[in-house]
Amino acid sequence: MTTLKAFRASILHFTADPAFHTGAHAWHEDGLLVINDGHVLAAGDYALLKDTLPPDTQVRDYRGKIIMPGFIDTHIHYPQTDMIASPAPGLLPWLDTYTFPTERQFNDQAHAGEVADFFVRELLRCGTTTAMVYCTVHPESVDAFFDAAEARNLRMAAGKVMMDRHCPGFLQDTAETGARESEELIHRWHNKGRNMYALTPRFAPTSTEEQMYMCGELARAYPDTYVQTHVAENTDEVAWVKSLFPEARSYLDVYDKYGLLRPRSMYAHCIWLDNEDRARMAATGAAVSMCATSNLFLGSGLFDFAAADLHKVALSLATDVGGGTSFSMLQTMNETYKVARMGGTYLPALRMFYMATLGGARSMQLDGKVGNFTAGAEADFIVLDPKATPLLERRTTRCDSLDELMFALALLGDDRAIAATYAAGVQVHQRGE
Ligand code: GUN
Ligand code: ZN
């Protein structure tokens, strides 16, 4: 029995980073995406591929729309869904006032499950098919999240927060329980179906040296798990880390000392790094998760694209909900663009779409699996609608180039521009339903 499916639309995907390579994208104005058993068989011109299909193949007609790989959000907190858009003067008071009390509720697996379900549906509504997700300190919160992801066969990375100091007692683990529970969760979830585990020390101020050490041991023992944390987000936080770890050269150096800079490690924010830090990130294969809406919302600072590019650090984009103010990677591109402009960098639209797809996949060492339409890749894709709103329609019918078209979608688009979302070849979101 054949499980062949085909989709006709314009097709956009990337094979390289357009910031450093010419010919990095593939664009098929009248394209066809052919998938078999949840994997990409071919993506190309309709005229060339149509005759390769068996005569009875159903072709879903999305002409007028754009099919591209699903978005990859490399840093987001699912337990913060219900406190998105909570006002506070900066990161540390925001954590104390809203974040910690909200995360407290996730020791209840039923509550965690209800939030996880909403969260996953919201990601899909916004066209995000892969994310690197913070849970809370409670192992139940991780079970609830992976249950929700697995129910829709999504490729997701997530992990239990490790946090054994400088937080309310109701959210505190110990170095020993944090490591033991994390290891149990690795055995329960890592590489089960499409799930992937991420070791999740919240950030250096909330872990003792003992906890950082044990996390580093796990990172070494399980090299294909992820590491996710925050670094150099806010100047008050940087000063706090300096006082807690006086012997470290920099905030990033704290993580480096414990072996937490390695491929598959994802560092959110990276605003207040210096060039030695950037060189270390590039040398170790650690990746940046750039969180524009969160950094603007919390007043954390402006990410320096020029300095990151000088060191060729791997860059990816993220919403950082609930510090971030939107689940939409299109809205995230909108604000990323403006942050770059404020630092004197011009980000072409195609570079932003690269960072939100193949760039994210490469940062997670998932290229070949997700992020583009290379043959054999898992068929996670979205259908973008350039006419989603009256304004988008008006603007996109006046575009003279692909760059202008994608720029308009990035600046004016949001969840309304996602007509449909597919995971492993199966439709998991239809706009309006
Ligand atoms: N640093 C430590 N925890 C957090 C968090 O939950 N959100 C953000 N934006 N930064 C953090
Ligand atoms: Zn965060």
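The values are calculated or read from the model by the stated rules, or taken from the named source; none is laboratory data. Here the structure is a predicted model, which means the values were calculated and not measured. Using ideal geometry, Cβ is built from the backbone for each residue, glycine included, and neighbour counts are taken over all protein chains shown. All accessible areas refer to the heavy atoms of the entire protein, side chains included, with ligands and DNA or RNA removed. Shrake-Rupley method; radii C 1.70, N 1.55, O 1.52, S 1.80 Å.
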* Asked: Is the stretch 341-363 home to any residue that is within 24 Å of ILE271 (Cβ to Cβ), within 16 Å of ligand 2 (Cβ to nearest atom) and open to solvent by less than 10 Å² (accessible area, probe 1.4 Å)?
  -> yes
* Asked: Could you list, in sequence order, the residues of the stretch 63-84 that are away from ligand 2 (no atom under 16 Å from the Cβ), out of contact with any Leu (no Cβ under 9 Å at 6 or more places or on another chain) and in contact (Cβ under 8 Å) with a residue 60 or more places away in the chain?
  -> GLY64
* Structure fact -> Of LEU366, LEU302, LEU310, the only residue that is modelled with pLDDT of 95 or more and either in contact with a Ser or Thr (Cβ under 8 Å, 6 or more places away or on another chain) or surrounded by 24 or more Cβ atoms within 10 Å (Cβ to Cβ) (or both) is LEU366
* Give the stretch 123-167 a look and list any residue that's polar (S, T, N, Q) and farther than 13 Å from LEU185 by Cβ, or say none. => THR128, THR129, THR130, ASN153
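Mind listing just one residue for me: the one in the stretch 269-287 that is on the phi > 0 side of the Ramachandran plot and either at pLDDT below 95 or within 16 Å of ligand 2 (Cβ to nearest atom) (or both) and, of those, nearest to the chain's Cα centre (by Cα)?
HIS269
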* Asked: Restricting to the stretch 294-347, what's the tally of residues that are away from ligand 1 (no atom under 16 Å from the Cβ), part of a helix (DSSP H, G or I) and polar (S, T, N, Q)?
  -> 2
* Scan the stretch 291-302 for residues that are away from ligand 2 (no atom under 12 Å from the Cβ) and closer than 18 Å to TYR354 by Cα and jot them down. => ALA292
* **Residue check, THR325 within 16 Å of ligand 2 (Cβ to nearest atom), surrounded by 21 or more Cβ atoms within 10 Å (Cβ to Cβ), polar (S, T, N, Q) and more than 18 Å from PHE20 (Cα to Cα)** => no
* Asked: Quick one: which strands (runs of 3 or more DSSP E) sit completely within the stretch 378-433 and have at least 3 residues that are open to solvent by less than 30 Å² (accessible area, probe 1.4 Å)?
  -> 381-384, 418-423
* Asked: Among the residues of the stretch 46-64, is any hydrophobic (A, V, I, L, M, F, W, C) and surrounded by 22 or more Cβ atoms within 10 Å (Cβ to Cβ)?
  -> no
* To do: Looking only at the stretch 85-97, decide whether some residue is of a type in the set (Ser, Thr, Tyr) and either in a helix (DSSP H, G or I) or crowded, with 22+ Cβ neighbours inside 10 Å (or both).
  => yes
* Asked: What is the one condition in (1) within 16 Å of ligand 2 (Cβ to nearest atom); (2) open to solvent by 20 Å² or more (accessible area, probe 1.4 Å); (3) touching a residue at least 40 places away in the same chain (Cβ under 8 Å) that PHE145 does not satisfy?
  -> (2)
* **One residue from ARG249, ARG202 being in contact (Cβ under 8 Å) with a residue 24 or more places away in the chain and over 18 Å from HIS77 (Cα atoms)** => ARG249
* **All positions within the stretch 38-84 that are within 11 Å of ligand 1 (Cβ to nearest atom) and part of a strand (DSSP E or B)** => HIS75, ILE76, HIS77
* Take the stretch 242-265 and flag every residue that is of a type in the set (Ser, Thr, Tyr), surrounded by 20 or more Cβ atoms within 10 Å (Cβ to Cβ) and not in a loop (DSSP other than H, G, I, E, B). => TYR251, TYR255, SER265
* Asked: Residues in the stretch 198-213: is at least one surrounded by fewer than 19 Cβ atoms within 10 Å (Cβ to Cβ), of a type in the set (Phe, Trp, Tyr) and out of contact with any Pro (no Cβ under 6 Å at 6 or more places or on another chain)?
  -> yes
* Structure fact -> Counted residues in the stretch 98-121 being farther than 30 Å from GLY432 by Cα and more than 16 Å from ligand 2 (Cβ to nearest atom) come to 5
* Structure fact -> Scanning the stretch 227-241 for residues that are assigned to a helix (DSSP H, G or I) and away from ligand 1 (no atom under 12 Å from the Cβ), the one most open to solvent (accessible area, probe 1.4 Å) turns out to be THR235
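Quick grid of which residues meet (1) over 23 Å from the mean Cα position of the chain (by Cα); (2) of a type in the set (Gly, Ala, Ser); (3) surrounded by fewer than 24 Cβ atoms within 10 Å (Cβ to Cβ):
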position: CYS126; (1), (2), (3): no, no, no
position: THR130; (1), (2), (3): no, no, no
position: VAL137; (1), (2), (3): no, no, no
position: SER141; (1), (2), (3): no, yes, no
position: ALA151; (1), (2), (3): no, yes, yes
position: LEU154; (1), (2), (3): no, no, no
position: GLY159; (1), (2), (3): no, yes, no
position: GLU184; (1), (2), (3): yes, no, yes
* Could you run through the stretch 21-45 and say how many residues are open to solvent by 90 Å² or more (accessible area, probe 1.4 Å) and either free of Cβ contacts under 8 Å to residues at least 24 places away in the same chain or aromatic (Phe, Trp, Tyr) (or both)? => 3
